[in-house]
Amino acid sequence: ILPHPLCSLFAKENLHLMSEHQLNLYDRLINEPSNDWDIYYWATEAKPTPVEFESEVMAKLRDFAKNKNREQRLRQPDLEYLFEPPH
């Protein structure tokens with residue numbers, strides 16, 4: 001489980017729009033780093049993203065983390081969205 005709802009909320013809004021290549025990049029991003037906090041720090045630009053994890057998906061996650069629409073993001077989304085048909 002990631003330390004912040006950021007990745008779960010990002011997944012809910014974006015996974016159904018991603019290509020197979022992007023899904024593979026996302027899968028690698030959330031499964032390979034040994035410390036989940038690193039993903040949060042990279043997404044919020046508190047730390048630079050290592051070259052091996054820099055990708056179009058990481059760029060999308062960084063943009064999502066900026067929360068330009070000022071959405072309230074205090075909790076993980078319900079998991080039912082995983083079982084809904086794509087929009």
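The values are calculated or read from the model by the stated rules, or taken from the named source; none is laboratory data. Predicted, not measured: the structure shown is a model, and the values here were computed from it. A quick note on method: Cβ atoms are made from the backbone with ideal geometry, for glycine too, and the neighbour counts reach across all protein chains shown. All accessible areas refer to the heavy atoms of the entire protein, side chains included, with ligands and DNA or RNA removed. Shrake-Rupley method; radii C 1.70, N 1.55, O 1.52, S 1.80 Å.
So here's what we get for this one:
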read-out: Count of the stretch 19-35 residues which are modelled with pLDDT under 95, open to solvent by less than 50 Å² (accessible area, probe 1.4 Å) and more than 11 Å from the chain's Cα centre (by Cα); value: 1
read-out: Search result, residues across the stretch 71-81 that are open to solvent by 70 Å² or more (accessible area, probe 1.4 Å), assigned to a helix (DSSP H, G or I) and modelled with pLDDT under 55; value: Leu79
read-out: Hits in the stretch 1-16 - residues which are assigned to a helix (DSSP H, G or I), surrounded by fewer than 16 Cβ atoms within 10 Å (Cβ to Cβ) and at pLDDT below 90; value: Glu13
read-out: Residues (out of contact with any Pro (no Cβ under 7 Å at 6 or more places or on another chain), of a type in the set (Ser, Thr, Tyr) and part of a helix (DSSP H, G or I)) located in the stretch 17-44; value: Tyr26, Tyr41
read-out: Residue count, the stretch 36-70 (criterion: loosely packed, with under 10 Cβ neighbours inside 10 Å and either at pLDDT below 90 or of a type in the set (Ser, Thr, Tyr) (or both)); value: 3
read-out: Tally, over the stretch 47-64, of residues that are assigned to a helix (DSSP H, G or I) and either in contact with a Leu (Cβ under 6 Å, 6 or more places away or on another chain) or of a type in the set (Phe, Trp, Tyr) (or both); value: 3
